[in-house]
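Since every read-out is calculated from the coordinates, none of them should be taken as a lab result. Everything numeric here is computed off the predicted structure, so don't read it as measured data. We place every Cβ from the backbone using ideal geometry, glycine too, and count neighbours over all the protein chains shown.
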Amino acid sequence: MYIRDDYPAIIDAKRRDLLRFLAAAQATAVELQQDLESDPSFRNQVVEASRKVTQTLQTPVDRAWELFFHSAAPTALLVSINAGWLSLINDTNASNGYTNQEITIDQIARSNSSDVDLVQRLMRVLTSAGLIRETQPHQYAPTPVSKLFDNPGWADGLRHSVRDFSMTMTSVPEYLAEHKYQTPTQDDGIYQHVHGIPFFERLKREEEVRRQFANFMDAMRTGEKPWYEMYPVAERLQVSSVSDVLLVDIGGSKGHDLLAFSQFRKKLGLQGKLVLQDRPAVLSQVPLSSHDIEIQAHDFFEAQPVIGAKAYFLKHILHDWMDRDCVSILGRVRDAMEVGYSRLLISERMVPGRECSPRIAAFDVLMMVVVGGRERTTSEWKGLIAAVEGLEIEKIWTFGNDNDSVIEAVRNF
Ligand SMILES: C[S@@+](CC[C@H](N)C(=O)[O-])C[C@H]1O[C@@H](n2cnc3c(N)ncnc32)[C@H](O)[C@@H]1O
């Protein structure tokens, strides 16, 4: 075989180039970090490109180990949150008597008489995953990610994720084999199979699970571009009197989205009533300050009590349900809509036809596993709306991080 004399030198130069390019990319990323916050789709494009570089460089064995061990970090993080260690590391006001730089493994362990060796092993997982920083041996400082979990909604999101996603996922291979690899239905779902109760029934019965889920739904809005900043609210959602209903948030949880919308519409000078609907147990968590919002217990499988509102809003509702149930939920909304006046606004992530991001692909499978639902592509949404007689899509607005979209539909007869 012929080997060029200069082959090693060329390779050597290319290796140096690779490191130099990556260092330059890292420096530019730091420089643009803040600027890119306002352009999530470009930021996603760059993250995706850097992920491809990492995947190209990793060996198949590296990837396999990554897959095997992916649960160590969320587990270590949840233990650290529950034990109060993470808030000790995150605490920047030194109210605990330490500054961040002074937090050592011994001080963390002493805070609740934990075993030092156990703490150290879990901290190692967190530092290696980049969730906290090890400033000196056995001495820790926070990162922006560890700080995010100071927000109780994200801590509750992690609890929900470990209990409801990860625990349920482990039974998927066995369940699907038993069910001859058919898409699970809501009537005999995987969650039910593992936990003995469908997820939304559990929410009804267990206050702590309900509280954590609603907190997480609220926290999920962090970093998300609100739908009402992308959809032309002022142009399309005018009502002529204060007593008209401007918007009904169906399955709006404890009202986090509607509260934010209520502030936004005030800035636009938009009048009209706002109505928050969910199940009674969920509505009992609504903060008292939501005084310009009417709160109404409503099961969305029953007849919609608010007739002729300007807008009916469903955010992350239909992805929880299979087509059959979506058609019935939408049929109830259609019956209440006024032809030529009301608008139906569905806020969901749109699954792209190809090159789906890992996050949207995972969301879709999680919906299947936890509630028997699904994320949908544009053509699946079109098919679903077409299956509800009298509803017609007017426009689909797509924006933001996860192909967040607003599907706007009207009643045509
Ligand atoms: C995924 S959460 C979305 C909450 C909120 N729209 C948001 O985006 O943050 C689904 C919501 O549907 C509510 N829900 C489930 N079944 C319901 C029913 N039959 N009638 C009314 N609300 C229901 C749940 O209580 C929960 O608040």
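Worth pointing out:
- Selection of trypsin sites (Lys or Arg not before Pro), region 301-357, meeting DSSP coil and at most 15 other Cβ within 10 Å: Arg354
- Averaged over residues, the count of other Cβ atoms within 10 Å places the peptides 229-237, 117-125 in the sequence 117-125, 229-237, highest first.
- Put simply, when 17-23, 280-286 are sorted by average Cβ atoms within 10 angstrom per residue, most first, you get 280-286, 17-23.
- Contact order, relative form, for the chain: 12 percent (alpha carbon pairs under 8 Å, 6 or more residues apart, mean separation divided by residue count).
- All lysines inside 23 Å of Lys52 as judged from Cα atoms, apart from same-chain residues fewer than 8 positions distant: Lys14
- Farthest toward positive dipole pole in region 108-206 [+1 Lys/Arg, -1 Asp/Glu at C-beta], among Leu122, Ser171, Gln136: Gln136
- Rounded to the nearest 20, the size of the Cβ-charge dipole of region 145-215 about its Cα centre is 200 debye, with Lys and Arg at +1 and Asp and Glu at -1.
- If R0 is 41 Å, the Cβ-Cβ spacing of Ile10 and Ser113 corresponds to a FRET efficiency of close to 0.10.
- Surrounding net charge for Asp404, when Lys and Arg each add one and Asp and Glu each subtract one, Cβ distance under 12 Å: 0
- Listed peptides 64-72, 256-264 by packing density, highest first (mean Cβ within 10 Å): 256-264, 64-72
- Extended-chain gain in nm, criterion 0.36 nm per residue less alpha-carbon gap, Ala361 and Ser38: 113.9 nm
- Loop-located chymotrypsin sites (Phe, Trp or Tyr not before Pro) across region 148-241 with a Cβ neighbour count of 16 or fewer within 10 Å are Tyr181, with loop assigned by DSSP.
- The aspartates and glutamates whose alpha-carbon is closer than 14 Å to the alpha-carbon of Lys310, local same-chain residues fewer than 8 away aside, are Glu235, Asp244, Asp249, Asp335, Glu338, Glu408.
- Applying both filters, DSSP loop and at most 16 other Cβ atoms within 10 Å, to the GluC sites (Glu not before Pro) of region 175-212 gives Glu206.
- Size of the chain: Rg and Dmax of its alpha carbons, in Å, are 24.8, 86.
- Farthest towards the positive end of the charge dipole of the chain, among the residues Leu247, Gln34, Tyr7, is the Cα of Tyr7, using unit charges on the Cβ of Lys, Arg, Asp and Glu.
- Here's the picture: a label point sits 7 Å out from the Cα of Val162 along the beta-carbon direction, and within region 51-89 the residues with their amide nitrogen under 18 Å of it are 69-89.
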